[in-house]
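What follows is one structure encoded as structure tokens, with my remarks underneath.
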């Protein structure tokens with residue numbers, strides 16, 4: 001956290017010098033605001049990040065011709081904030097503005113166009129629109145294949161992203177295929193302790209975890225951790241992610257003491273490295289709450305879920321899917337406690353957000369209908385339970401491949 005405050009301090013000193021030396025719409029001011037916005041991005045402070053990126057954009061709109069690449073960068077940065085905030089329609093709007101400029105300003109096989117397609121694909125992935133995600137990731141990949149040497153790290157990123165879509169679709173054989181392609185490039189192109197190799201091991205480990213092969217998942221997560229331990233300072237947030245992933249495997253194995261041990265290690269790092277209202281701190285509290293829930297310690301689970309929710313409410317927009325997840329988790333605790341009216345209240349809050357934030361066939365909406373159906377089933381309201389189970393099933397039939405678990 002201290003490094004971010006120092007970064008802000010120096011960027012602000014730089015900005016103050018520019019204010020005295022340059023006219024108010026000079027492009028260097030835009031760079032200055034952009035840099036400050038980038039620090040707020042790393043801090044997870046989306047409102048301040050957006051404010052400074054918009055200041056940067058306003059100067060560039062006045063100072064530069066309409067097809068200048070720096071305007072594309074500005075639109076891209078703002079799109080990234082909206083994506084992180086879960087406002088996918090706004091994210092697409094700004095990513096597409098950025099893309100239109102890049103199309104006019106650059107040759108058709110320029111790597112920046114690949115990045116642009118990649119960013120749009122990432123929004124569609126988060127929205128659960130997997131066919132659209134594939135379409136844009138493929139466009140990105142085709143450019144990179146033509147523009148870059150075979151072992152360029154950006155090609156690894158491209159394979160990695162396509163693998164991520166297959167993982168979300170639970171098509172694990174295809175996910176492995178693309179993650180392995182990505183990993184092979186990184187092994188050739190990068191030094192042995194490069195963090196991107198850790199990401200590779202981490203992603204492959206995630207597929208094994210989803211398949212229930214916990215020993216392989218742990219093996220790969222530990223490889224990832226060993227690289228990060230050598231490559232990064234001890235309080236780096238990526239180490240927290242590594243602990244978090246290992247904790248998740250132990251939780252799924254039912255080894256709750258080991259799960260808590262690793263989740264708490266992750267949480268201690270994040271508390272030191274990030275501002276208290278960072279979304280990753282909320283995720284960390286959420287993970288700890290999940291272990292207590294599985295252990296049947298419902299008062300502790302509610303305590304950590306509430307901490308998580310308070311952080312998320314401050315950090316994210318009200319309709320962000322992460323807020324829905326927060327309500328959903330609290331509802332699940334009340335359901336386990338047999339407090340069905342409270343469970344329905346929280347599941348309904350979660351569902352209303354998801355209906356606004358996601359396309360109608362997103363798998364998370366199916367899960368939401370399923371959770372509400374389960375409460376009605378436990379209450380003995382079987383006709384209502386069937387109604388919600390059938391809604392869930394209809395979405396899954398449309399959204400997922402026929403062999404999905």
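Read-outs: derived from the displayed coordinates by stated rules, not from any lab. Owing to the predicted nature of the structure, the values given are computational and were not obtained by experimental measurement. All Cβ positions, glycine included, derive from the backbone under ideal geometry; neighbour counts span all protein chains shown.
For this structure, a couple of remarks:
- Distance from the range 107-175 to the range 208-276 (C-alpha centre basis), Å: 26
- Extension gain, residue 64-residue 93: 0.36 nm per intervening residue step, less the Cα-Cα distance, totals 8.4 nm.
- Gyration tensor (alpha-carbon) shape descriptor, the range 1-111, a/c threshold 1.5: oblate
- The calculated FRET efficiency for residue 398 paired with residue 54, based on their beta-carbon distance and R0 = 45 Å, is about 0.75.
- Chain lengthening between residue 252 and residue 28 when straightened (0.36 nm per residue, less Cα-Cα): 75.6 nm
- The long axis of helix 130-147 is offset from the longest Cα principal axis of the chain by roughly 40 degrees.
- Mean-square fluctuations from a GNM of the chain, with a 10 angstrom spring cutoff on Cα atoms, peak among 121, 338, 289 at 338.
- Across the range 281-405, the relative contact order, built from alpha-carbon pairs under 8 Å that are at least six residues apart, equals 17 percent.
- Share of alpha-carbon pairs per 10 Å distance bin for the range 201-242, given as whole %: 34, 46, 20, 1
- For the chain, the 222 nm mean residue ellipticity estimated from helices alone, with every DSSP H stretch of n ≥ 4 adding -39500 (n - 2.57) and the total spread over all residues, rounds to -27500 deg cm²/dmol.
- Along each principal axis, Cα extent of the range 1-65, largest first, Å: 36, 22, 13
- When the alpha carbon gyration tensor of the range 213-359 is reduced to an equivalent ellipsoid, its three semi-axes come out at 27, 18, 13 angstrom, largest first.
- In this simple spin-label approximation, residue 313 and residue 110 carry label points 7 Å from Cα along the Cα→Cβ vector, and these lie 4.6 nm apart.
- Simple spin-label estimate for residue 390 and residue 194 in nanometres, 7 Å along Cα-Cβ: 5.4
- Sites residue 180 and residue 261, calculated FRET efficiency, Cβ-Cβ separation with R0 35 Å, nearest 0.05: 0.70
- For the chain, the convex hull drawn through the C-alpha positions has a volume of 144 cubic angstrom per residue.
- Relative to the longest principal axis of the Cα atoms of the chain, helix 46-63 runs at roughly 30 degrees.
- Build a GNM of the chain with springs between Cα atoms under 10 Å apart, and of 60, 352, 144 the one that fluctuates most is 352.
- Stokes-Einstein diffusion coefficient of the range 303-405, Kirkwood radius over Cα pairs, 20 °C, 1.002 mPa s, in µm²/s: 153
- Label-point separation in nm, residue 226 to residue 271, each point 7 Å along Cα→Cβ: 3.1
- With a cut-off of 18 Å on the backbone N, the residues of the range 249-270 near the modelled label site 7 Å out from residue 216 along Cα-Cβ are 249-250, 252-253.
- Each Cα pair under 8 Å and six or more residues apart adds its sequence gap; the mean of these over the residue count of the range 321-385 is a relative contact order of 29 percent.
- Across the chain, the mean sequence separation of Cα contacts (distance under 8 Å, 6 or more residues apart), normalised by length, yields a relative contact order of 10 percent.
- Angle in degrees between helix 256-273 and the longest Cα principal axis of the chain, rounded to the nearest 10: 30
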